[in-house]
Amino acid sequence: MTTRKPLRTTALALACTLAGLFTNAHAAETPKTIASGELKVGMEITYPPFEYYEGDQVKGFDPEVSAALAKRLGLEASFSDITFPNLILGLDAGRFDTIISGMYILPERLEKADAIPYAKTGAAIMVRSNAEKKPATPEELCGMTVGLQQGTSWIPALQKVSDGYCKEQGAGAITINQYPTTSETSQALLSGHIQAHLEIDAASLLIVEKSRGRIAISSKGSIYPQVLGIYVKKGNKQLLDALKAALDEFKASGEYSELLKKYNLEEA
């Protein structure tokens with residue numbers, strides 16, 4: 001004899017099935033990644049507030065973005081700590097799936113990898129608080145020694161100012177010193193090896209806070225504002241499309257706008 005299931009149970013099962021179909025229809029597709037179940041993210045984890053270590057935990061804006069996107073793809077985020085100038089090389093070599101590391105979208109980078117815009121920011125000029133000269137614009141850096149992290153896009157921009165404006169004004173060239181990390185650049189500023197430090201706005205605010213009054217921001221607004229990108233190896237359309245869909249879901253949830261506010265960034 002066939003036993004009939006109660007109508008309520010049957011309706012509940014149908015509702016659950018439909019809910020599952022609805023969820024799957026709107027969720028970002030889980031892409032193929034280097035390691036099953038993981039989204040390996042390349043970043044330089046010495047760049048607060050974007051990414052930094054707190055004990056053995058990776059904290060900051062980019063790890064939070066990475067975790068949120070990975071979750072929407074049915075994956076778990078893991079992090080590869082790579083020096084900034086070597087991130088694109090590591091991506092191309094297949095060491096990780098994506099780069100989420102406060103990296104501007106630039107034409108020369110797009111020749112080697114594809115990018116998804118995810119935030120906007122600019123740079124700030126920092127000096128020692130007791131400095132006599134407190135430049136507010138790149139043009140006011142003429143005749144000064146300026147420190148930057150290796151691989152940043154501002155190096156050619158400052159060189160252009162030095163070779164053009166500074167030379168035309170007879171104001172002296174901008175001497176550019178490059179350092180492996182932003183923390184080493186800040187130390188060079190404090191020790192007097194450089195007179196100014198150029199860094200992303202959000203990172204600059206944290207540097208000033210941690211300096212306990214020894215460093216100040218002298219620029220009055222964002223310099224060289226640009227868009228930050230999530231980078232994917234060229235040709236990996238499946239992952240690129242999946243990350244775009246996951247980012248769209250993240251934005252639609254309202255959680256992303258709150259995260260941007262937390263780190264003093266703008267949506268791209």
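Within the chain, the whole DSSP H helices whose Cα atoms reach 24 Å or more along their own axis and whose mean Kyte-Doolittle score is at least -0.5 are 7-26.
In the chain, helical runs assigned H by DSSP with n ≥ 4 each contribute -39500 (n - 2.57); averaged across all residues and rounded to the nearest 500, the mean residue ellipticity at 222 nm is -10500 deg cm²/dmol. About its Cα centre, the dipole of the chain is roughly 620 debye, where the only charges are +1 on Lys and Arg Cβ and -1 on Asp and Glu Cβ.
What is the range 53-147 by shape, rounded, prolate or oblate, if you read a ≥ b ≥ c off the alpha carbon gyration tensor as root eigenvalues and call it rounded for a/c under 1.5, prolate for a/b larger than b/c, and oblate otherwise?
prolate
Binning all Cα-Cα separations of the range 72-230 at 10 Å, short to long from zero, yields these whole-percent fractions: 10, 36, 33, 16, 4, 0.
Measuring how big the range 181-232 is from its alpha-carbon positions, Rg and Dmax come out at 12.4, 39 Å. With N as its number of residues, the chain has a Cα radius of gyration that, divided by 2.2 N^0.38 Å, comes to 1.25.
Loop-located trypsin sites (Lys or Arg not before Pro) in the range 119-182 (DSSP state other than H, G, I, E, B) with a sparse environment of at most 12 neighbouring Cβ atoms within 10 Å: Lys133. Close amide H contacts of Ser80 (hydrogens built in the peptide plane, cut-off under 5 Å, sequence separation of 5 or more or a different chain): Val41, Gly42, Met43. Model label sites at Lys133 and Gln238, defined 7 Å from Cα along the beta-carbon direction, differ in position by 5.5 nm. Within the range 28-74, the GluC sites (Glu not before Pro) that combine a DSSP coil assignment with at most 14 other C-beta atoms in a 10 angstrom radius are Glu29.
As I understand it, the dipole of the chain uses +1 on the Cβ of Lys and Arg and -1 on the Cβ of Asp and Glu, about the Cα centre. Which of Val146, Met126, Ala173 lies farthest toward its positive end? Comparing the listed Cα positions along the dipole, Met126 ranks first. Rolling a 1.4 Å probe over the heavy atoms of the protein chains gives the chain an accessible area of 52 Å² per residue.
Measuring max minus min along each principal axis, the C-alpha atoms of the range 159-251 give extents of 51, 37, 26 Å (largest first). What number, in percent, do you get for the relative contact order of the chain if the mean sequence gap of Cα pairs under 8 Å and at least 6 apart is divided by its residue count? Result for the chain is 26 percent. Amide H contacts under 5 Å for Ala173: Gly143, restricted to partners 5 or more places along the chain or on a different chain, H placed in the peptide plane at 1.01 Å from N.
The values are calculated or read from the model by the stated rules, or taken from the named source; none is laboratory data. Given the structure is predicted, the values throughout are model-derived calculations rather than measurements. Neighbour counts are summed over all protein chains in view; Cβ atoms, including those assigned to glycine, are modelled from backbone coordinates with ideal geometry. Note: areas computed on protein heavy atoms with side chains; ligands, DNA, RNA excluded. Shrake-Rupley method; radii C 1.70, N 1.55, O 1.52, S 1.80 Å.
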